[in-house]
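Below is one structure; the comments refer to it alone.
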Amino acid sequence: MKKGSDLLVEALENEGVERVFGVPGEENLDVLESLRRSTIELVLTRHEQAAAFMAATHGRLTGRPGVCLATLGPGALNFSTGAAYAHLGAMPMILITGQKAIKTAKQARFQIVDVVASMRPLTKMTRQIVSPASIPATVRDAFRVAMEERPGPVHLELPEDVAAEEIADAPLIPVHPLDQPVAPAAALDRAAALILAAKRPLVMIGAAGNRPRLVEPLSAFVRRIGVPFFNTQMGKGAVTGGSNLYLGTAALSEGDYVHEAVAAADLIVAVGHDTVEKPPFLMRSAGGPKVIHIGYQSATVEQVYHPDAEVVGDIGASVTALAERLGGKLPEQTRLLELRQRILARINDRSGEDRFPVTPQRLVHDVRTVMPEDGMVCLDNGMYKIWFARNYRTHVANTLLLDNALATMGAGLPSAMMAAILHPERRVMAVCGDGGFMMNSQELETAVRLGLDLVVLVLNDGAYGMIRWKQAVDSFPDFGMTFGNPDFVRYAEAYGARGSRVTSAEALVPTLEAAFKGGGVHLVDCPIDYSENTRVLVEELRNKVPDVDLA
């Protein structure tokens, strides 16, 4: 005889699950015992939110759902932000929560919240398991739904009496590959004709272009058609930033240097754009370039994004078929490429400045210096995210992880921990503002306990810097955004990690190098000066004058 919890864990093993992240509770004790006897590792975190961020990042980096576990009520509700993070960010994930017995009510309504209802707007599917016999089919369906385009989170609730109930047997359901539909030939022909007719076509790669399976077909597509490209924040790195066709990243919605290329183009081929991202450019109701949408799903029509043509189907197959139609037929795009050096030079301006506290430009430059091509930088959410999106050059896919969908604080450290677990052979760095870091800083203990090699760079300005900057730009008084911080070096040491403090701009690179070479978990406290936000992102961009006339 098996218990429902045994069937659940066997079904997870059947799906290839190697780790479950979470904070168990009383209602998970049968599941915990089944996990103890299984091949699956339990990664105990210090907060459920961090477990959800780790599971979501597993899905983002591998394409296979990460799994997280929490108890009922308060534990389950702590998954909410992580569920929304995965839902908006299109990251496959399975959330498993416990619940009081559903056949009896010996504790009345104690701790009971309708978690299934609360998860409904935050997930692709949410379901309570009411019978052990249904577990194999339910788990198989959950993984299928989580992985199907558009990927995302699925929630399963396992009440404690169902977990403990015995059953003779319930066979597992074999796993099979998920194939994507292919775009119709007529849609591909229309798109190819539009591109061939354009004088200045431009490719934009969005969030869905960064799926792990698309690295080769997308890179080949750009190389074969020879059209300049830029990317959204979450599309960054899908095609190597070292390409001589790369024009930059749209970290802002308009007015940045890369938008000079957008304004000069007469056609934008938007590959994998997902409108959950802050708009990388704004479509107008009249005028401006035409837009072709290439995606797994049809475009979500918005006020600022309403494509003129669509190619809906497997993106890899679509861009490969388009390359067959276009390869060798497009003239060299010299006019747009004339902008390239200007764009890249301007965003790297002052990257060697010695001012201290360090400027964002110097910070990004120095982080790029210490990170090898396959090194992984995982950003929390703050002002520095815009600077990394604009200035950080990626050479390998998924080596700059940022969230431009939910854009939540607190995810930087957990996502870096997941990256370090999956890629122990690489350098991994979390970059966090002091505000975002303190939201999940307790996970330093988890990282130390797991024996991870991880550098955590904390940018210290004693404020919620992005909102403080926007408050100033909007001419509001400086109010409600500043706070005190602990001694971050001693704080890290209290968890068994190492800590260092940057005391000059020249010391940043050697401090980071020493942190990596020392191994283990190492926090680096770095003061940062955000006065460049206004000088560059407001005054300079407002007053910039294009050097090249492409009219």
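Within region 132-154, restricting attention to residues that are surrounded by fewer than 19 Cβ atoms within 10 Å (Cβ to Cβ) and free of Cβ contacts under 8 Å to residues at least 60 places away in the same chain, the residue that is nearest to residue 181 (Cα to Cα) is 148. Scan region 277-293 and tell me whether some residue there is among the β-branched types (Val, Ile, Thr) and more than 20 Å from residue 326 (Cβ to Cβ). No, the conditions are met nowhere in region 277-293. Scanning region 181-236 for residues that are among the aromatic types (Phe, Trp, Tyr) and not in a helix (DSSP H, G or I) returns 229, 230.
Would you call residue 494 among the hydrophobic types (A, V, I, L, M, F, W, C) and either buried (at least 17 other Cβ atoms within 10 Å of the Cβ) or touching a Lys or Arg at 6+ places or on another chain (Cβ under 9 Å) (or both)? No, not satisfied. Taking region 47-91 as the range and being in contact with a Phe, Trp or Tyr (Cβ under 8 Å, 6 or more places away or on another chain) and part of a loop (DSSP other than H, G, I, E, B) as the test, the residues that pass are 65, 91.
If you go through region 53-68 and keep only what is within 14 Å of residue 156 (Cβ to Cβ) and either assigned by TED's automatic domain parsing to the domain that holds residue 378 or under 13 Å from the mean Cα position of the chain (by Cα) (or both), you end up with just 55. When 71, 81 are screened for being over 13 Å from the mean Cα position of the chain (by Cα), over 22 Å from residue 428 (Cα atoms) and touching a residue at least 60 places away in the same chain (Cβ under 8 Å), only 81 passes. Taken together, the criteria exclude residue 305 from residues that are touching an Asp or Glu at 6+ places or on another chain (Cβ under 6 Å), buried (at least 18 other Cβ atoms within 10 Å of the Cβ) and not assigned by TED's automatic domain parsing to the domain that holds residue 84.
Checking each residue of region 123-138 against the condition of being closer than 24 Å to residue 381 by Cα and in a helix (DSSP H, G or I) gives no match. If a residue must be under 19 Å from residue 259 (Cβ atoms) and surrounded by fewer than 24 Cβ atoms within 10 Å (Cβ to Cβ), how many such residues does region 230-244 contain? Going through region 230-244 one residue at a time, the tally reaches 1. On inspection, residue 128 qualifies as farther than 13 Å from residue 27 by Cα and in contact with a Pro (Cβ under 8 Å, 6 or more places away or on another chain).
In region 449-541, counting only helices (runs of 4 or more DSSP H) that sit wholly within it, the ones holding 3 or more residues that are touching a helix residue (DSSP H, G or I) at 6+ places or on another chain (Cβ under 7 Å), touching a residue at least 40 places away in the same chain (Cβ under 8 Å) and not aromatic (Phe, Trp, Tyr) span 465-473, 508-518.
Given the criterion closer than 26 Å to residue 538 by Cβ, within 22 Å of the chain's Cα centre (by Cα) and β-branched (Val, Ile, Thr), identify the matching residue among 364, 396.
364
The values are calculated or read from the model by the stated rules, or taken from the named source; none is laboratory data. From a predicted model like this one, the values you see are computed outputs, not experimental measurements. Methodologically, a virtual Cβ is constructed for each residue, glycine included, from the backbone with ideal geometry; neighbour enumeration extends over all protein chains shown.
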